[in-house]
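Worksheet: one structure, shown below.
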There are 2 protein chains.
Amino acid sequence: VRVVANRPIGIFDSGVGGLTVVRSVMERLPREEIIYLGDTARVPYGSKSASTVLRYSQLSTRFLLDHGVKLIIVACNTASAYALEALQAELPVPVLGVVEPGAREALAATKSGRVGVIGTLGTVRSEAYPRALARLDASVRVTARACPLLVPLAEEGWLDDEVAEAVARRYLGELRQEAPDLDVIVLGCTHYPLLRPMLSRVAAQLFRHEVVLVDSAVATARAAASALGERSLLRDGGGGGLTCCVTDDARIGEVATRFLGHELRNIRRVDL
Amino acid sequence: VRVVANRPIGIFDSGVGGLTVVRSVMERLPREEIIYLGDTARVPYGSKSASTVLRYSQLSTRFLLDHGVKLIIVACNTASAYALEALQAELPVPVLGVVEPGAREALAATKSGRVGVIGTLGTVRSEAYPRALARLDASVRVTARACPLLVPLAEEGWLDDEVAEAVARRYLGELRQEAPDLDVIVLGCTHYPLLRPMLSRVAAQLFRHEVVLVDSAVATARAAASALGERSLLRDGGGGGLTCCVTDDARIGEVATRFLGHELRNIRRVDL
């Protein structure tokens, strides 16, 4: 077990957004080595079909397994929605998605029993969050809305300005119209935590009661710590580290730092 | 030659946006058979590197050649920017991009000699339009701005509303700050013609003089007609037709109609 515990944690995502999950895992588990794979050549998964997303996810997990990981985190919400069960069935290591941890935290936070979910087209179309929430509590009611403008907004760095507010008012306004009593919104996309302060303010203006924004990245890091702890696979020494691999390196320097919260060194371009 | 003339025209794009080029070609050349390939499984190309875009473009053109096309139009601005010269060198049929026709039309329209270009990150980073314009007229000055929010805006169908205006004011305002005397803006992305009326109005408000918006799709259809005419490869009979192939069919029904201008039948899912 000791030998296995020293192996890295593998985290993959369709692009750079999953670095928000890396950041949460590094904060929670600072001794762990992390190998991150961003499939930036084929980003985004959010507008692609289930079979395409599964195929790409299998290529990513094969790459991570070849690098000897002890646990895999599917940081991409769309891949968690479409591919997680298949990956869990076919892979020899534990596989965690971001959907179930986010759903658990949403349930813990809601008082009205009415939960909102925002994400990419793929995540919303997959109905992964409504299904995960229903499995945990059949009485909860869920309203979901795809928000395809939020990813480019985060990548532009327009995190809190007139344009960001106009976009947020439109999306959250539609949520409010459908579900005025919702009190929790799950940020069902790895890019959205960057927009959190602005989304939080716009939500407060529109709903006129407290709305908790649930960040799946934080919830997933907690779930990873539990999964490793239960299996006695937590590293008990070492200073941690991150190796970042991408399938296309065109934009990585521009935007990765914003997602990770500090500068990103040690980037490798790989083919899957 | 007669036999070759009866072959289809091949048009490829990273996604559904190239259907605006299909539409222009159908209007200009109503007797031609068209085979369209949208690489929707890997859309968008706009944020990917030159080598990745070239690799994907080669897969697309191989598919079209296997279907016996007489001419290939690279409808994707990013692929035109990164892959056109390589494709022209290695393929046995004429290959047209959208950049050069758009650049020609921009030069014909400008009086101030100052031209703006808007497009995806990839198209702008490639500097394909500035280089094409400089080849045609060394004295022209070009200001380019990547506008990553415009594609999701077009796909949402938010073509002319408060959000669209706020986004356009931001992007065009930055163009104006850099080049207040520009009088032509090239719509350097297949999605942008859908936003044309709104962009045109916002440009008029900001610049306070006439700004011509150049649609590369229309210019490219004209160039295709010339290329086929010169080679005596125009069909002289037949009622035309369109076969549409996509590498992922998740969204095609939702958005294709908006781009093509009429309902899209005859869609095939293909693997490259």
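The values are calculated or read from the model by the stated rules, or taken from the named source; none is laboratory data. These figures come from a predicted structure and were not determined experimentally. All Cβ positions, even for glycine, are placed from backbone atoms using ideal geometry, and neighbour counts span all protein chains on display. Heads up: the accessible areas ignore ligands, DNA and RNA and are worked out on the full protein's heavy atoms, side chains in. Shrake-Rupley method; radii C 1.70, N 1.55, O 1.52, S 1.80 Å.
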(request) Among the residues of the range B:53-67, write down those that are crowded, with 24+ Cβ neighbours inside 10 Å and more than 17 Å from B:R269 (Cα to Cα). (result) B:V53, B:S57
(request) Scan (1) touching a Leu at 6+ places or on another chain (Cβ under 9 Å); (2) among the hydrophobic types (A, V, I, L, M, F, W, C); (3) over 22 Å from A:S80 (Cβ atoms) for the single condition A:I185 breaks and write down its number. (result) (3)
(message) I'd like the full set of residues that are surrounded by fewer than 17 Cβ atoms within 10 Å (Cβ to Cβ) and in a helix (DSSP H, G or I), limited to the range A:173-192.
(response) A:G173, A:E174, A:Q177, A:E178
(message) Kindly evaluate B:L87 against the criterion of being of a type in the set (A, V, I, L, M, F, W, C) and open to solvent by 20 Å² or more (accessible area, probe 1.4 Å).
(response) no
(request) Output the number of the condition that B:A128 fails; it satisfies all remaining conditions of (1) more than 9 Å from chain A (Cβ to nearest Cβ); (2) open to solvent by 40 Å² or more (accessible area, probe 1.4 Å). (result) (2)
(message) Restricting to the range B:23-52, count the residues that are among the hydrophobic types (A, V, I, L, M, F, W, C), under 15 Å from the mean Cα position of the chain (by Cα) and either within 12 Å of chain A (Cβ to nearest Cβ) or open to solvent by less than 10 Å² (accessible area, probe 1.4 Å) (or both).
(response) 3
(message) Of all residues being at pLDDT 85 or above and of a type in the set (S, T, N, Q) in the range B:236-272, which is farthest from B:R23 (Cα to Cα)? Just the residue, please.
(response) B:T247
(message) Could you check the range B:193-223 and list, in sequence order, the residues that are open to solvent by less than 10 Å² (accessible area, probe 1.4 Å), in contact with a strand residue (DSSP E or B) (Cβ under 7 Å, 6 or more places away or on another chain) and modelled with pLDDT of 95 or more?
(response) B:L199, B:A203, B:V214, B:T220
(message) Can you tell me which residue is farthest from the other protein chains (Cβ to nearest Cβ) among those in the range B:141-172 that are touching a residue at least 24 places away in the same chain (Cβ under 8 Å), more than 23 Å from B:T257 (Cβ to Cβ) and open to solvent by 20 Å² or more (accessible area, probe 1.4 Å)?
(response) B:R141
(request) Looking at (1) surrounded by fewer than 24 Cβ atoms within 10 Å (Cβ to Cβ); (2) within 14 Å of another protein chain (Cβ to nearest Cβ), find the lone condition where A:S14 falls short. (result) (1)
(message) Take A:L84 and tell me if it is more than 14 Å from the chain's Cα centre (by Cα) and at pLDDT 95 or above.
(response) no
(message) One residue is enough: does the range A:93-114 have a residue meeting the conditions touching a Lys or Arg at 6+ places or on another chain (Cβ under 7 Å), open to solvent by less than 10 Å² (accessible area, probe 1.4 Å) and not hydrophobic (A, V, I, L, M, F, W, C)?
(response) no
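Quick one: is B:A79 at the interface with chain A (Cβ under 10 Å from one of its Cβ atoms), in contact (Cβ under 8 Å) with a residue 60 or more places away in the chain and either of a type in the set (G, A, S) or open to solvent by less than 20 Å² (accessible area, probe 1.4 Å) (or both)?
Numbers: at the interface with chain A (Cβ under 10 Å from one of its Cβ atoms): no; in contact (Cβ under 8 Å) with a residue 60 or more places away in the chain: yes; either of a type in the set (G, A, S) or open to solvent by less than 20 Å² (accessible area, probe 1.4 Å) (or both): yes.
So B:A79 does not fit the description; no.
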(request) Can you tell me which residue within the range B:237-256, out of those that are open to solvent by 40 Å² or more (accessible area, probe 1.4 Å) and more than 22 Å from B:P8 (Cβ to Cβ), is nearest to the other protein chains (Cβ to nearest Cβ)? (result) B:E254
